[in-house]
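Here is the structure we will look at.
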Amino acid sequence: MNPEFIKTICPYCGTGCGLIVKVENGKVVGIYPDREHPVSRGTLCIKGWFAHEFVHHPDRLKTPLVRIGNRFEAISWDEAIPLAAEKLKATAETYGGDAVGGLCSAKCTNEENYLFQKLIRMAFRTNNVDHCARLCHAPTAAGMAQTTGSGAMTNSISDLAGAECSLIIGSNAAESHPIIMGEIYKAVDRGATVIVIDPRKTAVAQNAAMHLPINPGTDIPLLAGMMRHIVDAGLHDEAFIRERVEGFEELKNFLQSWTVERAAGECGIGGDMIRNVAEIYAKAREAAIVYCMGITQHACGTANVHAVCDLAMLCGKIGREFSGVYPLRGQNNVQGSCDMGGLPNVYPGYQGVTDPAAQEKFQQAWERDLSAKPGLTLTEMIGGAGKEIRSLYIMAENPAMSDPDVNHVLESLTKLDFLIVQDIFLTETAKFAHLVLPAACFAEKTGTYTNTERRFQLLRQAVEPPGEAKGDFEILCLLANGLGLDFPYIHPGEVMEEIASLVPDYGGVRFDRLERAGLQWPCPDTYHSGTRYLHEHKFTRGKGLFVTPQYTPPFEKPDEAYPYYLNTGRMFAHYHTGTMTRRSPFLNRELEKPYAEIHPEDAEKAGIREGDRIRIISRRGSIVTAARISERVAKGSIFTPFHFTEARANILTNPVLDPISKIPEFKVCAVKVEKGPYENQGR
Ligand SMILES: Nc1nc2c(c(=O)[nH]1)N[C@H]1C(S)=C(S)[C@@H](COP(=O)(O)OP(=O)(O)OC[C@H]3O[C@@H](n4cnc5c(=O)[nH]c(N)nc54)[C@H](O)[C@@H]3O)O[C@H]1N2
Ligand SMILES: Nc1nc2c(c(=O)[nH]1)N[C@H]1C(S)=C(S)[C@@H](COP(=O)(O)OP(=O)(O)OC[C@H]3O[C@@H](n4cnc5c(=O)[nH]c(N)nc54)[C@H](O)[C@@H]3O)O[C@H]1N2
Ligand code: SF4
Ligand SMILES: [Mo]
C-alpha cells in the first residue's frame, strides 16, 4: 500500500508545531515537519521528529483492567463502563457529589476536556475538576487575570522575531520551547538584545547578551529594583499609564521601599547591572518579556506574575505588535484545557462558577442544576484523598510522578475508595487504580488543541488505536451515558459547535475553518479571522491594573542540615514523567539515565566525581542518581530533571503552596548530598 501522509499537531509542548505523520499498513512509521504550518514552518525539535516512536510501543494499554487484590485483570468495555459509573454514583450517593473529583488533561483535546468538565459538573453537581495547569501556569491565570483581565499570552510567537529586546525570565526555552527560541534568535540576528534572568546558566543564558544569575526565588526584588530605577530615571511610559492603567500611586508607594541597592542585596545581582538591564528594556522600542516555570513554580508565583505584568505596563510594552508578555504554555493543550473550563472556579471561557449569570447560562444549556461552590484544586484533591475526596477519575495525568512530595501522594492514592485512571500506558499512577481505561493517543484521534498563542488547531486521526483502546472522547460519552446523562455526540466538531455557542470568544471557531492555519481566539463570529495580539485599545479588564507584588522568600532555604538549594525542571530530549519519551529509542539515546548537576567546587569539597552515584536527601525523602559536574548550576545549588521514575525528583520537593494559585514550590527546596555507593532505590 502507498504510504499516506496526514497533517496533524505535535503531542508534546504548547508551541503546537505542525507534523506530517507517515502511515504505512495502518502504522505510523515516521514524522515530517509541515512546511505550511504557521508556527513551525517546516521545523521541529527532536521530540516532534520522533513523536511516532511511542505510538506502537508494546506497552500500550489495550484493554480495560480491573484490580483484583494486587493484580490487574483484563475486562471488556461492557463491564468497565458500568463498573465506573456504579462506583462513582455510589460515592456521590453516600458522601455527596463533592466527594468525587476529576483530573482532566492538558494532553487531551479541547472537546475531550469540555466533555470531561461537563460530565463532572453535571453528574455530581460539583466543581471538583482541575488538571496539571495547577502545577504550571495557574499563577499566570490568576495573576494576569488581575492585571490585564486575561491569563493568556498577549501576542503571537512570530512577534518575538520583531522584539528589540527579549527579557527571558525563568524559561529555558532552548530546551523546553526550542522552536519559540528560534524566533527569538531571528530577532538576535537583527540586532536584538536577549537578557536572561535565571539562577542557572542554561542553554538560553549561555547564548544571551546578558545573564543575571539571581538567587533562587528573588525575582520580585530584582523586578522591583528595575521598576524603581525606571521610575526614578523617568523612563516609564507616562501617557500609557495615564490613559490605560490604574493603581500607579500604589505601585510607586511599593517601590519606595525597594531601592536598587536593597534589591541588589536580596537577589545577588549588582546595582549597576540592574540599572543597565532596566534601561535596555525600557528604552527598546519593542520589548518582550518571556517567562515560564522559573516565575510560576514558587510559593509567591502569582506575585511574581504581578511583578512581570507591572513592569510591562509601566513601560507601555503591551497591547501592540512585537512587545508583550509571553507566558510560554507548557503542555500541547494546556491553553485549551483551561479555556474549556477544566478548572474548579470557571466554566468554559473563564465564566466564573460563582457568577449567577454564568451559572444560569450553563444550567439552561445543560439542563441541570449546577453547583455555585468553587471546587477543589488538583493539589487539594490529592491531599484530600480518603478525606473530602473519596473517588477520583484521572484522565491523562501522572501525579504519582508530577506532584510534589511524592511519598505523600502515593499514600493518599491508596486511601481512595475508587480510582479510575485513563491513560495510554500503565503509569506510576495507574498502578494505584481500581480501574484502568485504555485510551487512544494523539495519532489515533481527531479534535483540536490550542497552542500557547491561543491558536485552535486540528488534530487529525492517522491510525486506529491498539487493541480495545478507545479515544478519550468516546470513553467520556460512554461513561456519561452510563451515568444517566445524555452525551449524544458522534464527532468532536459537534462539541466545538456547542462550545462556540457558550463562549463568545470562541464563537467563530468551527472545524471546517481550522483546516489551513487554525484560528487564534478571540474569534467571536464565523466572519472573524482571529486575533494576533490582545489588549490593543483596551485591556480585557478595561484598564490595566498595577498589582503590588507581595514578596515572600522561598519557604525552605538551605541551612546547616540541608545546605543546598534544589532546583528541578526539564531537559530537551525528555518530557515530564517520561511515559512517552522514555519509550522512544532515539530520545533514550540522547539520555537514558537520571542525573543531578552539582557545581565543581561543591563536588570537590564532597569528594564527588563525574558519574558518581550520589544520594540527594530532603526533609521528605531521598533519591539516588548520578552526579554531573557542571558550572551550569551556581555554587550551593543542585539541579535535577523530574523525568525519571527511578530517581523521582518529586520525592524531594516541597508541597508548600502559593496561597492564591495553589501551585507548589517545585523550584526551591533544601537538600543535602551524600556520596555512594548505593543500591538504586527506584520504586
Ligand atoms: N523537553 C521538554 N520540553 C518541555 C517540557 C518537558 O518536559 N521537556 N515540558 C513542557 C511544559 S508542561 C512546561 S510548563 C515548559 C516548562 O519550560 P521551562 O519553564 O523553560 O522549564 P523548567 O526547566 O521547568 O524551568 C525553567 C527555568 O526556571 C529556572 N528557575 C528556577 N528557579 C528560578 C527562580 O527563582 N527565578 C528564575 N528567574 N528562574 C528560575 C530554572 O533554572 C530553569 O532554567 O516546558 C514544556 N516543554
Ligand atoms: N519537580 C517538578 N515537578 C513538576 C514540574 C517541575 O518543573 N518540577 N513541572 C510541573 C508541570 S509544569 C507540569 S505541566 C506537570 C505535568 O504533569 P503530568 O501532566 O502529570 O505529566 P505527563 O507526563 O505529561 O502526564 C500526562 C499523562 O497522559 C498520558 N497521555 C498522553 N496522551 C494521552 C491521551 O491522548 N489520552 C490519555 N488518556 N492519556 C494520554 C501520558 O501517558 C501521561 O501518563 O508536572 C509538574 N511537576
Ligand atoms: S517545539 Fe514543542 S510542539 Fe514543536 S516539535 Fe518540539 S515538542 Fe513538538
Ligand atoms: Mo507545564
**Q.** Thr8 among the polar types (S, T, N, Q), within 18 Å of Ala440 (Cβ to Cβ), within 16 Å of ligand 3 (Cβ to nearest atom) and open to solvent by less than 50 Å² (accessible area, probe 1.4 Å)
**A.** yes
Q: Test Arg368 against the stated conditions and say whether it is of a type in the set (Lys, Arg) and under 26 Å from Pro554 (Cβ atoms).
A: no
Q) If you go through the stretch 24-43 one residue at a time, how many are in contact (Cβ under 8 Å) with a residue 60 or more places away in the chain and over 23 Å from Gly518 (Cα atoms)? A) 3
(Q) Quick check on my filter: what residues within the stretch 97-113 are more than 16 Å from Ala385 (Cβ to Cβ) and open to solvent by 10 Å² or more (accessible area, probe 1.4 Å)? (A) Gly97, Lys107
Q: Would you point out the residue of the stretch 407-463, among those that are charged (D, E, K, R) and closer than 17 Å to Ala84 by Cα, that is surrounded by the fewest Cβ atoms within 10 Å (Cβ to Cβ)?
A: Lys431
Q. Here are some conditions: (1) in a loop (DSSP other than H, G, I, E, B); (2) open to solvent by less than 10 Å² (accessible area, probe 1.4 Å); (3) within 24 Å of Glu250 (Cα to Cα). Ala299 meets all but one. Which one does it not meet?
A. (2)
Q) Of all residues in the stretch 466-482 being over 23 Å from Ala443 (Cα atoms) and either touching a Leu at 6+ places or on another chain (Cβ under 7 Å) or small (Gly, Ala, Ser) (or both), which is most open to solvent (accessible area, probe 1.4 Å)? A) Gly482
Q) If Val23 satisfies every condition in (1) open to solvent by less than 40 Å² (accessible area, probe 1.4 Å); (2) under 30 Å from Lys186 (Cβ atoms); (3) outside any loop (DSSP other than H, G, I, E, B) but one, which is the exception? A) (2)
Q) Got a number for residues in the stretch 125-137 being open to solvent by less than 10 Å² (accessible area, probe 1.4 Å) and either more than 16 Å from ligand 3 (Cβ to nearest atom) or without any contact (Cβ under 8 Å) to a residue 60 or more places away in the chain (or both)? A) 7
Q. Among the listed residues Pro549, Pro600, Pro594, Pro554, which satisfies the condition of being closer than 21 Å to Gln297 by Cβ and out of contact with any helix residue (DSSP H, G or I) (no Cβ under 9 Å at 6 or more places or on another chain)?
A. Pro554
Q.
Can you tell me how many residues within the stretch 633-682 are of a type outside the set (D, E, K, R), in a loop (DSSP other than H, G, I, E, B) and away from ligand 2 (no atom under 13 Å from the Cβ)?
A. 11
Q | Evaluation of Val668 against (1) more than 14 Å from ligand 1 (Cβ to nearest atom); (2) modelled with pLDDT of 95 or more (one fails), failing number | A | (1)
Q: Kindly list the number of the only condition in (1) of a type outside the set (Gly, Ala, Ser); (2) in contact with a Leu (Cβ under 8 Å, 6 or more places away or on another chain); (3) open to solvent by less than 20 Å² (accessible area, probe 1.4 Å); (4) assigned by TED's automatic domain parsing to the domain that holds Val245 that fails for Phe116.
A: (4)
Q: Would you be able to say whether some residue in the stretch 49-59 is under 27 Å from Thr414 (Cβ atoms) and surrounded by fewer than 22 Cβ atoms within 10 Å (Cβ to Cβ)?
A: yes
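The values are calculated or read from the model by the stated rules, or taken from the named source; none is laboratory data. These numbers were taken from a predicted model, which means no experiment stands behind them. Here the Cβ is made from the backbone with ideal geometry for all residues, glycine too, and neighbour counts use every protein chain on show. We work out accessible area using only protein heavy atoms, side chains counted, and drop any ligands, DNA or RNA first. Shrake-Rupley method; radii C 1.70, N 1.55, O 1.52, S 1.80 Å.
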